[in-house]
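Visitor: Take a look at this one; I'll ask things after.
The values are calculated or read from the model by the stated rules, or taken from the named source; none is laboratory data. These numbers come from a predicted model, not from an experiment. In this analysis, Cβ positions are derived from the backbone assuming ideal geometry, glycine residues included, and neighbour counts consider all displayed protein chains. Ligands, DNA and RNA are excluded from the accessible area calculation, which covers all protein heavy atoms including side chains. Shrake-Rupley method; radii C 1.70, N 1.55, O 1.52, S 1.80 Å.
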Amino acid sequence: MRTITISNEIHEACPNLRVLAIDCQVRNTPSDTTLWHEINAIEEEIRSSVRLEMINKWAPIQATRQAYKKLGKDPNRYRPSAEALRRRVVRSLPLYQVDTLVDLINLVSLQSGYSIGGFDAEKINGDLRLGVGQEGELYHGIGRGVLNISGLPVYRDQIGGIGTPTSDEERTKIDARTAHLLMLINGYSGIEGLLDAGRYAVTLLRKYAFMDSFEANLIAYGFQESVSL
C-alpha cells in the first residue's frame, strides 16, 4: 500500500483523527439488486428512527463538522458527504445508483456516519498526504464542477487534490473499469467505531465486488500500521 501521511496543520486542528485505509483488488459491476435491498433496508431504518435535526449531532458527523470549523470552512455550506447522504434519506429523496463500488461505499457511510473516500488506485500518482485546501486550488468535485476546497481537509497525490470529506475529485474517481480500489474511512471522532466500519466494508466488498486480496492500514499523525479486519 502507498504511504499516507497527515500534515501538522491537520493534526493540530484534529488531534483525534484516525484514518482506515483499505487497499484491494476488486471487480466493479453495474448497480447490484441485492445490494440495493440492503441499502433500502438501511434507508427505512434511518427514516423511522432519525430526525433531521439529529443528524449533525451524531459523533462521527459532528466531529467532521468541527474539523471544518477549525480549518475555516462552513459545514452548512459544504456538508460532509455522510451528513448529506443521511439528510437525503431522512427527507425521502432517492439515493443515486452509480455502480456497485460507489453504492457499497455509500452504504458504509450511511451505516457508520464516516465520510469515505473511494478512489481508483491506478489513477493515483504516488503517495498521499492529507492537508488543507488552499484558496484558488483547482479541484473538480464529482458531479459538482469546480469546488472551492479552501479550508477543507484534502488528500493530495503528486498531481493535486483527490479527495475531501465533501466530495472526491473527478480525476481519480471509480468507474466501470476500476479493478484496484483504495477506500479511506475518515474518523475525525477517533478510533471508536472505525474498525467496525472497516469490517463492514470488507464484508460488503467480499460479497458484492469479488475482492481477491486486501490490505488494511490504520493511519494517524506520525504512524501507519497494518490492522486485521
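Visitor: Can you go through L229, L204, L218, L195 and tell me which one is in a strand (DSSP E or B) and either in contact with a Leu (Cβ under 9 Å, 6 or more places away or on another chain) or within 17 Å of T64 (Cβ to Cβ) (or both)?
Guide: Answer to the check: L218.
Visitor: Related question: Across region 72-92, what is the number of residues that are open to solvent by 10 Å² or more (accessible area, probe 1.4 Å) and either in contact with a helix residue (DSSP H, G or I) (Cβ under 8 Å, 6 or more places away or on another chain) or β-branched (V, I, T) (or both)?
Guide: Residues flagged as open to solvent by 10 Å² or more (accessible area, probe 1.4 Å) and either in contact with a helix residue (DSSP H, G or I) (Cβ under 8 Å, 6 or more places away or on another chain) or β-branched (V, I, T) (or both) within region 72-92 amount to 10.
Visitor: Any residue that is surrounded by 14 or more Cβ atoms within 10 Å (Cβ to Cβ), touching a residue at least 40 places away in the same chain (Cβ under 8 Å) and either out of contact with any helix residue (DSSP H, G or I) (no Cβ under 9 Å at 6 or more places or on another chain) or closer than 19 Å to Y68 by Cα (or both) - is there at least one of those in region 173-185?
Guide: Yes.
Visitor: Among the listed residues G160, G151, G126, which satisfies the condition of being open to solvent by less than 10 Å² (accessible area, probe 1.4 Å) and touching a residue at least 12 places away in the same chain (Cβ under 8 Å)?
Guide: G151
Visitor: Look at region 137-167 and say how many of its residues are in a loop (DSSP other than H, G, I, E, B) and at pLDDT 95 or above.
Guide: 18
Visitor: Is at least one residue of region 103-126 more than 23 Å from G193 (Cβ to Cβ) and assigned to a strand (DSSP E or B)?
Guide: yes
Visitor: Would you say Y68 is open to solvent by less than 60 Å² (accessible area, probe 1.4 Å), modelled with pLDDT of 95 or more, touching a Ser or Thr at 6+ places or on another chain (Cβ under 7 Å) and of a type in the set (F, W, Y)?
Guide: For Y68, the condition - open to solvent by less than 60 Å² (accessible area, probe 1.4 Å), modelled with pLDDT of 95 or more, touching a Ser or Thr at 6+ places or on another chain (Cβ under 7 Å) and of a type in the set (F, W, Y) - is not met.
Visitor: Restricting the first residue to region 99-116 and requiring it to be at positive phi, which pairs with a second residue that is part of a helix (DSSP H, G or I) and surrounded by 21 or more Cβ atoms within 10 Å (Cβ to Cβ) meet a Cβ separation below 8 Å and a spacing of at least six or different chains?
Guide: Note: pairs meeting the criteria are G113/P60; G113/I61; G113/A82; G113/R86.
Visitor: What tally of residues in region 170-188 results from selecting those that are farther than 13 Å from I116 by Cα and assigned to a strand (DSSP E or B)?
Guide: 1
Visitor: Within region 10-41, count every residue that is under 18 Å from the mean Cα position of the chain (by Cα) and either open to solvent by less than 70 Å² (accessible area, probe 1.4 Å) or among the acidic types (D, E) (or both).
Guide: 13
Visitor: Run I191 past the list (1) among the β-branched types (V, I, T); (2) touching a residue at least 60 places away in the same chain (Cβ under 8 Å); (3) in contact with a His (Cβ under 8 Å, 6 or more places away or on another chain) and report the number of the one that doesn't hold.
Guide: Only one criterion is unmet by I191, namely (3).
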